[in-house]
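The values are calculated or read from the model by the stated rules, or taken from the named source; none is laboratory data. Everything numeric in this text was worked out from a predicted model, so none of it was measured. Here Cβ is always computed from backbone atoms with ideal geometry, including for glycine, and neighbour counts include all displayed protein chains. Quick note on the areas: whole protein, heavy atoms, side chains included, nothing else; ligands and nucleic acids left out. Shrake-Rupley method; radii C 1.70, N 1.55, O 1.52, S 1.80 Å.
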Amino acid sequence: MKISIIGSGHVGLISGVCFAEKGHEVLCVDHDNEKLAKLRNAEVPFFEPGLPELLKKHHTAKRLRFSDSTAEAVKFGQAIFICVGTPSTERGKADMTYVEKVARDIAETLTDYRLIVEKSTVPIMTGERVKAAIQRYVRAEVHFDVASNPEFLREGSAIEDTLKPDRIVIGVDSGKAETLLREVYAGYECPFVVTSIGSAELIKHASNSFLALKISFINWVSRLCERTGADVNEVAKGMGLDHRIGPHFLHAGIGYGGSCFPKDVEALAHISEDLGIDASPIRMISTLNKGQADRFHDRLEKELWVLKDKTLAIWGLAFKPNTDDIREAPALSLVQRLIKDGAKLRVHDPVAMPAVRKQHPDLYYAKDPLDATSGADALLVCTEWPVYREADLAKVKANLRVPIIFDGRNCLDRKRAGDLGLTLIGVGKPDVRPKK
Ligand SMILES: NC(=O)c1ccc[n+]([C@@H]2O[C@H](COP(=O)([O-])OP(=O)(O)OC[C@H]3O[C@@H](n4cnc5c(N)ncnc54)[C@H](O)[C@@H]3O)[C@@H](O)[C@H]2O)c1
């Protein structure tokens, strides 16, 4: 099938290459000329494992093309996927400016039946709004459908998630829309969930908020552990073996970040308040998350006393491993806070340093993880990249001026740290301290 994608960012581009991989012909549109120039050269604009290879493959095979024209997308694709951003407004609502603009642009050149699919994460009832906007601006008497097809990919494993999803959700209100979306997803081996448009929209927001809740819940449990000497990993393991709970998203740490959870939780709170429903359970998720970063900072101050002029090594800047995305990254907020404290920072991340350098050109960007620790008064681990898990702690100890590590992701080998006489302070776990 011919498919158009509007918005070629993390979701649009990944969807585009994966639709091409499944045999469709795809046109991806974006209005960012710098991004388009790269894409037209088959260069990826962000880090995502497996993406460069697939992009090259389908660019060469001419199954995937790029354009800056929504009009061309409307002419080309039987199905048009809207994949533009839905960031937070200052008040925390989902900003629908980009989605509304795309709806109007589509209407301008719509002359034959098209299926318009919202893939961006949008508040419930957006489908109705998109439909109304198109109806208002369309120039010809033309039939069209709007559907919802929320995206559940995770950055870092986005290709695998998109080619082999846990489920595909489509929200439709016409048989034709369902038939077309079944054609788009023919050959995918996973449950295909067909719902109303509103249910599909809500499935996405509710799923993200529930995952964020699991993280915030275990972070809250970690506070009980810190007060009582219990170990949060042991508690999480014991909980997660219960099939009703499951082991995923029960890892305590310095909190969630990224372009989805923080904004989607806030947006769901606003949606429920607009509908007159108490949002306090949802608001508590972000309050706990913000508190987790504060607690980590408090632990630093408690242990190191004054932070001004201390040299601190930071491992990990991206909001999670396997991505260079620093949007709402807990590591980045900590960096900003430590700069205000007057600490001197030696930072490292396998792929996110160029993005951080644009915002903070004056930090020391280390050549490798060990270089970051050189002469530092402490090491802070903020993202659990494998390279940090596997680091040689003996060399780290030799490099540090003071052998203290704050493991904000509970990813280092505690036994090895203890054997080496390091101080290791984790989240929700008893401290490892040298024997006196
Ligand atoms: N990033 C994720 O992991 C993820 C996962 C699931 C869902 N989502 C949701 O998908 C949506 C997109 O997120 P993203 O991370 O891909 O955002 P992104 O910022 O990476 O990409 C959005 C792209 O849309 C382009 N754009 C905006 N307006 C346009 C227009 N009028 N015409 C053409 N292009 C336009 C921008 O230039 C940008 O390249 C959001 O609603 C997000 O919540 C994101």
* With (1) part of a helix (DSSP H, G or I); (2) among the small types (Gly, Ala, Ser); (3) farther than 16 Å from Asp264 by Cα as the list, and Ser209 as the residue in question, which single condition is left unmet? -> (3)
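Within the stretch 348-357, identify whether any single residue is surrounded by fewer than 16 Cβ atoms within 10 Å (Cβ to Cβ) and either in contact with a helix residue (DSSP H, G or I) (Cβ under 6 Å, 6 or more places away or on another chain) or of a type in the set (Lys, Arg) (or both), and answer yes or no.
Looking for residues that are surrounded by fewer than 16 Cβ atoms within 10 Å (Cβ to Cβ) and either in contact with a helix residue (DSSP H, G or I) (Cβ under 6 Å, 6 or more places away or on another chain) or of a type in the set (Lys, Arg) (or both), one finds at least one in the stretch 348-357, hence yes.
Name every residue in the stretch 1-11 that is more than 6 Å from the ligand (Cβ to nearest atom) and not hydroxyl-bearing (Ser, Thr, Tyr), in order of residue number.
Residues of the stretch 1-11 that are more than 6 Å from the ligand (Cβ to nearest atom), as a first pass: 1-5.
Residues satisfying the conditions are Met1, Lys2, Ile3, Ile5.
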* Would you confirm whether any residue within the stretch 84-92 is farther than 23 Å from Ala206 by Cβ, more than 10 Å from the ligand (Cβ to nearest atom) and β-branched (Val, Ile, Thr)? => no
* Restricting the stretch 236-265 to residues that are in contact (Cβ under 8 Å) with a residue 40 or more places away in the chain and open to solvent by 40 Å² or more (accessible area, probe 1.4 Å), the residue that is nearest to the chain's Cα centre (by Cα) -> Cys260
* Would you point out which residue out of Leu153, Leu163, Leu180 is among the aliphatic types (A, V, I, L, M) and either within 19 Å of Gly127 (Cα to Cα) or over 25 Å from the mean Cα position of the chain (by Cα) (or both)? => Leu180
* Among the residues of the stretch 311-330, count how many are in contact with a strand residue (DSSP E or B) (Cβ under 7 Å, 6 or more places away or on another chain) and either over 26 Å from Asp392 (Cα atoms) or buried (at least 20 other Cβ atoms within 10 Å of the Cβ) (or both). => 6
* Asked: Is it the case that Ser199 is touching a strand residue (DSSP E or B) at 6+ places or on another chain (Cβ under 8 Å) and closer than 26 Å to Val117 by Cα?
  -> yes
* Among the residues of the stretch 33-56, which ones are assigned to a helix (DSSP H, G or I), more than 10 Å from the ligand (Cβ to nearest atom) and touching a residue at least 12 places away in the same chain (Cβ under 8 Å)? -> Arg40, Leu51, Leu54, Leu55, Lys56
* Asked: Since Gly187 meets every condition but one in (1) part of a loop (DSSP other than H, G, I, E, B); (2) open to solvent by 40 Å² or more (accessible area, probe 1.4 Å); (3) closer than 21 Å to Ser259 by Cα; (4) not basic (Lys, Arg), which condition does it not meet?
  -> (3)
* Within the stretch 304-320, is there a residue that is more than 22 Å from the chain's Cα centre (by Cα) and assigned to a helix (DSSP H, G or I)? -> yes
* **Filter result (open to solvent by 50 Å² or more (accessible area, probe 1.4 Å) and either without any contact (Cβ under 8 Å) to a residue 12 or more places away in the chain or under 21 Å from Val172 (Cα atoms) (or both)) within the stretch 102-118** => Arg104, Asp112
* Mind counting the residues in the stretch 19-32 that are under 23 Å from the mean Cα position of the chain (by Cα) and either within 19 Å of Gly85 (Cβ to Cβ) or within 13 Å of the ligand (Cβ to nearest atom) (or both)? => 5
* Tally time: how many residues in the stretch 113-157 are of a type outside the set (Ser, Thr, Tyr), farther than 18 Å from Thr86 by Cα and in contact with a Pro (Cβ under 8 Å, 6 or more places away or on another chain)? -> 1
* Considering every residue within the stretch 169-180, establish whether at least one is more than 15 Å from the ligand (Cβ to nearest atom), assigned to a helix (DSSP H, G or I) and either β-branched (Val, Ile, Thr) or without any contact (Cβ under 8 Å) to a residue 12 or more places away in the chain (or both). => yes
* Asked: Filter the stretch 269-286 for residues that are exposed (fewer than 13 other Cβ atoms within 10 Å of the Cβ) and farther than 18 Å from Val122 by Cα; which is farthest from the chain's Cα centre (by Cα)?
  -> Gly276
* Asked: Can you tell me which residues in the stretch 263-282 are within 16 Å of the ligand (Cβ to nearest atom) and out of contact with any strand residue (DSSP E or B) (no Cβ under 7 Å at 6 or more places or on another chain)?
  -> Asp264, Val265, Leu268, Ala269, His270, Ile271
* Asked: Is at least one residue of the stretch 158-167 in contact (Cβ under 8 Å) with a residue 24 or more places away in the chain, of a type in the set (A, V, I, L, M) and not in a helix (DSSP H, G or I)?
  -> no
* Contacts under 8 angstrom Cβ, first residue in the stretch 68-80 being free of Cβ contacts under 8 Å to residues at least 24 places away in the same chain, partner in a helix (DSSP H, G or I), 6 or more apart -> none
* Asked: Pick from Glu151, Glu141: which is assigned to a loop (DSSP other than H, G, I, E, B) and crowded, with 21+ Cβ neighbours inside 10 Å?
  -> Glu151
